Amino acid sequence: MGRVSTTPRRAGVALAALTALLLSGCSGPADRRPEPASTSAAATPTPGASLPAGDPAARAAALVGTLADEDLVGQVLMPYAYGDSATRVSPGSKAGNQALAGVDTPAEMIARYRLGGLILVGFSADDPTKGNQETTNVDNPEQVRGLTTGLREAAGRLPAGQAPFLIGTDQEYGVVTRITDGVTLLPSALAAGAAGKPELTEAAWRAAGSELAAMGINLDFAPVADVLATRSTVIGSRSYGADPKATAEQVAGAVRGLQAEGVAATVKHFPGHGHSAADSHKDLPVLDQSRKALETGAWPPFSAGIDAGAMAVMSAHLDARSVDPGTAATFSRKLLTDVLRGQLGFEGVVITDGMNMPPAKRWSPGEAAVRALQAGNDLILMTPHVGQAYDGLFAALRDGSLPRARLVDAATRVLTMKFKLADRPTPELSTLGGPAHRKAAEDLAAAAVTVFRGACGGGVRGPVTVTSSGGRDHTRAALTEALTAAGVTVVPSGGTVVHLVGYGDGAGDLRADAAVTVAMDTPYVLAKAKSPTLLATYSSSRASMTALARVLAGKARPEGRSPVPVPGLPATTCAG
């Protein structure tokens, strides 16, 4: 498929001009929450029926000119919802939606608040973001496709329904992967950084984009553009590495691949979560680097993603002391408007990180939404209460504390992105996990395997016993299967011990008698390992276990190079 047309950098001049023309044409501030839109087919709206063809910005501006304030406010909200179906939910999900938004189902939430989008949520055992995942509504591709179809049907009845409804999720691959069953699982970002081949990253993310599109998802909150300047456990293997230039090349490849298949990429977390070891899911991390250090060490991957055409950037709950001390970037006009838009030239959609995270919850949902929009965000993600956020935006619009120009600008940017994603054929679900997609993941995983200590290739001797730290039975079984397929005999005990460690593991999870220790997440723990052979895959995906098995069997050379420094160990012993 052809690449989605994008507007990187400073092509927003025409958009700004069109938006300005609309400011006097929008309806006056409403004095109430909107009535629910009808869910009958007969209620399909007529506004915007003769939208101009072609340019997404022109189409967005024309549509905005037909919308009431109720619709403009709804377009800048992207909450989560409870339930794995748009219209049929369990009693527990109904109760969750009532507490969140005063409605029973996701479809009713869309109708009630004229929403611009919805985020699909979920969590797994090794997920550093699970603290703000209040529920899960993803299970398998068929279920996700059914859910997204229902959500789009509900949104299509809204006055803004001519623009594609945004359905997003955090499909980063690695430890943050919302949909894991029935899809091609790429190795982690850090594995891609170890491979050091942006063309492989682009091919893998193109496969990922095709699969997301097949499930009805058109916005991915990926790739992570954070440079891993600290040993951040919340970022960790989600980052492409510690080198700004190499990370920038990887981010650009991921953006190109994802958007080539009609899925908007979101580079995150601006201004750079990897520059603090603290976790914004718990508190407000501080970036104490100088502005110059951020410009040279944190922002190059964001610039690269913007230059590659990224449609969205996610703002982070981070206190960049050298730019706007004491203010989270989410609420900082200096960072989002002056730096991100002014200095870096981004003209796309700025999306908040989860507004249900502690740094954003210091204010009420309504006040937080207003502050985020005033700072320069265009899309409010995961508010802890949809009704309060909606009402807060309306109240600010009425009293003038939220300028109409800012709301119109935000809604126009969101709709412009939607129209960039319009008119794309939806791939068949049968494409998921296909041979070409598997090969793209396997090629990337194979190029990532790194040897930190020991011979460069040659394989293990005799039968192998695979062990692991606790809770990794599935990964251990995957490696056992891959080793057997590669011709290595695997025995329950007594063989050459290959020990696996992963996310969250430390020195206490190592095994002193292991001949080979393998890091399946960040490789820092290898500095404490005593094994004569130390390897890293940076990922526990099936593709990574297949690549590891081929190295252990002596059938492949470990060509990766560590993208982060590990004290006392070289980046690789396979130089050249």
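The values are calculated or read from the model by the stated rules, or taken from the named source; none is laboratory data. All values derive from a computational prediction rather than experimental measurement. With ideal geometry, Cβ positions are generated from the backbone for all residues, glycine too; neighbour counts draw on all protein chains shown. Keep in mind that these areas ignore ligands, DNA and RNA; they rest on the heavy atoms of the full protein, side chains included. Shrake-Rupley method; radii C 1.70, N 1.55, O 1.52, S 1.80 Å.
Distance between the C-alpha centers of the range 202-257 and the range 390-413? Whole Å please.
That distance is 32 Å.
So with the 1.4 Å probe, I'd like the accessible area per residue for the chain, rounded to whole Å².
Numbers: 19980 Å² over 576 residues.
Here the per-residue accessible area is 35 Å².
Considering the dipole of the range 244-354 built from charges on the beta carbon (Lys and Arg +1, Asp and Glu -1) around the Cα centre, which of Pro300, Ser290, Ala328 is farthest to its positive end?
Of the options given, the answer is Ser290.
Remind me, what semi-axes does the range 351-463 give for its equivalent ellipsoid, largest first in whole Å, using sqrt of 5 times each Cα gyration tensor eigenvalue?
Numbers: eigenvalues 444, 99, 33 Å².
So the equivalent ellipsoid measures 47, 22, 13 Å along its semi-axes.
When the accessible area of the chain is split by element with a 1.4 Å probe, what percent falls to carbon and sulfur? Let's see the in-between values first.
Values: 10210 of 19980 Å².
The C+S portion of the solvent-accessible surface of the chain is 51 percent.
Two decimals, Cα atoms only, Kirkwood Rh: what is Rg/Rh over the range 518-568?
On the way: Rg = 11.0 Å, Rh = 11.6 Å.
Checking Rg against Rh, the ratio lands at 0.95.
Ordering Tyr80, Tyr503 by accessible area with a probe of 1.4 Å, largest first, what comes out?
Working: Tyr80 10, Tyr503 60 Å².
These residues rank, largest area first, as Tyr503, Tyr80.
Viscosity 0.890 mPa s, temperature 25 °C: Stokes-Einstein D of the range 114-206 from its Kirkwood Cα radius, in µm² per second? Show your work: numbers first, answer last.
On the way: Rh = 15.0 Å.
My calculation gives 163 µm²/s for D.
Apply the Karplus curve 6.51 cos²θ - 1.76 cosθ + 1.60, θ = phi - 60°, to the phi angles in the range 419-428 and return the couplings in whole Hz, x for Gly and Pro.
Ordered by residue, 3J(HN,Hα) equals 5, 5, 8, 6, 6, 10, x, 8, x, 6 Hz.
Scale the Cα Rg of the range 166-304 by the rule-of-thumb value 2.2 N^0.38 Å and send over the ratio, two decimals. Write out the running numbers ahead of the final one.
Working: Rg = 14.3 Å, N = 139, 2.2 N^0.38 = 14.3 Å.
The value comes to 1.00.
Under the definition of Cα pairs under 8 Å and six or more residues apart, what whole-number percent is the relative contact order of the chain? All intermediate terms of the calculation are to be shown ahead of the outcome.
Details: 1418 pairs, mean separation 93.5, N = 576.
Reported as a whole number, the value is 16 percent.
Counting Lys and Arg as +1 and Asp and Glu as -1, what is the net charge of the other residues whose Cβ lies under 12 Å from the Cβ of Ala527? Working shown, then result.
Values: positive: Arg231, Arg453, Lys528, Lys530; negative: none.
Here the count lands on +4.
Need the C-alpha centroid separation for the range 55-107 versus the range 271-304, integer Å.
32
To the nearest whole percent, what portion of all C-alpha pairs in the range 271-364 is separated by more than 16 angstrom?
Values: 2255 of 4371 pairs.
Above the 16 Å cut-off, the range 271-364 has 52 percent of its Cα pairs.
In what order, largest first, do Lys94, Lys282 sit by accessible area if the probe radius is 1.4 Å? Spell out each step's value before the answer.
Working: Lys94 95, Lys282 155 Å².
If we order Lys94, Lys282 from most to least accessible, we get Lys282, Lys94.
When only the heavy atoms of the protein chains count and the probe is 1.4 Å, how do Asp319, Asp288 rank by accessible area, highest first? Working shown, then result.
Values: Asp319 5, Asp288 125 Å².
Most to least solvent-accessible, the answer reads Asp288, Asp319.
Bins of 20 Å, beginning at zero and ending with the bin holding the largest distance: percent of Cα pairs per bin for the chain, please.
Each 20 Å bin holds this share of Cα pairs: 22, 54, 21, 3.
Residue by residue, what Karplus-based ³J(HN,Hα) values in Hz, rounded to whole numbers, does the range 319-331 have, using 6.51, -1.76 and 1.60 with θ = phi - 60° and x for Gly and Pro?
Whole-Hz 3J(HN,Hα) from phi for the range 319-331: 9, 8, 4, 7, 10, 8, x, x, 10, 4, 3, 3, 10.
According to the square roots a ≥ b ≥ c of the eigenvalues of the Cα gyration tensor, what is the shape class of the range 286-443, taking rounded for a/c under 1.5, prolate for a/b larger than b/c otherwise, and oblate for the remainder? Let's see the in-between values first.
Working: a/c = 1.86, a/b = 1.30, b/c = 1.44.
Judged from the Cα gyration tensor, the range 286-443 comes out oblate (a/c at least 1.5, b/c at or above a/b).
Starting from the amide H of Thr533, placed 1.01 Å from N in the peptide plane, find each other amide H under 5 Å away whose residue is 5 or more places distant or on another chain.
The list, which skips near neighbours in sequence, is Thr517.
Between Ser468 and residues 5 or more places away or on another chain, which pairs have amide H atoms under 5 Å apart, with H built 1.01 Å from N, and which residues are they?
Leu500
Could you give me the ³J(HN,Hα) list for the range 239-254, computed from phi with Karplus coefficients 6.51, -1.76, 1.60 and θ = phi - 60°, whole Hz, x at Gly and Pro?
Result, rounded to whole Hz: 8, 7, x, 9, 9, x, 5, 5, 5, 4, 5, 5, 4, 4, x, 5.
Cross-link list Lys245/Lys334; Lys245/Lys530; Lys245/Lys418; Lys245/Lys292; Lys94/Lys361; Lys245/Lys282: which exceed 27 angstrom alpha carbon to alpha carbon?
On the way: Lys245/Lys334 25 Å; Lys245/Lys530 33 Å; Lys245/Lys418 31 Å; Lys245/Lys292 15 Å; Lys94/Lys361 24 Å; Lys245/Lys282 30 Å.
Exceeds cut-off: Lys245/Lys530; Lys245/Lys418; Lys245/Lys282.
How large is the helix-only mean residue ellipticity at 222 nm for the chain, computed as the sum of -39500 (n - 2.57) over DSSP H runs with n ≥ 4, divided by its residue count, in deg cm²/dmol to the nearest 500?
Details: 17 runs with 196 residues, N = 576.
Taken over the chain, the calculation gives -10500 deg cm²/dmol.
Averaging sequence separations of C-alpha pairs under 8 Å and six or more residues apart, then dividing by the length of the range 517-573, give the relative contact order as a whole percent.
Values: 53 pairs, mean separation 17.4, N = 57.
Relative contact order here is 31 percent.
Whole angstrom only: what separates the Cα centroid of the range 157-193 from the Cα centroid of the range 471-493?
Cα centres, the range 157-193 to the range 471-493: 29 Å.
Under the definition of Cα pairs under 8 Å and six or more residues apart, what whole-number percent is the relative contact order of the range 104-216? Mind showing how you got there, number by number?
Numbers: 129 pairs, mean separation 33.3, N = 113.
That works out to 29 percent.
Given N residues in the range 224-285, what is its alpha carbon radius of gyration divided by 2.2 N^0.38 Å? Please report the intermediate quantities before stating the final value.
Working: Rg = 12.2 Å, N = 62, 2.2 N^0.38 = 10.6 Å.
The reported ratio for this selection is 1.16.
Are there any trypsin sites (Lys or Arg not before Pro) in the range 465-572 that are in a DSSP loop and have at most 15 other Cβ atoms within 10 Å? List them by number.
Values: sites: Arg472, Arg476, Arg511, Lys528, Lys530, Arg542, Arg550, Lys555, Arg561; in loops: Arg472, Arg511, Lys530, Lys555, Arg561.
Qualifying residues, ordered by number: Lys530, Lys555.
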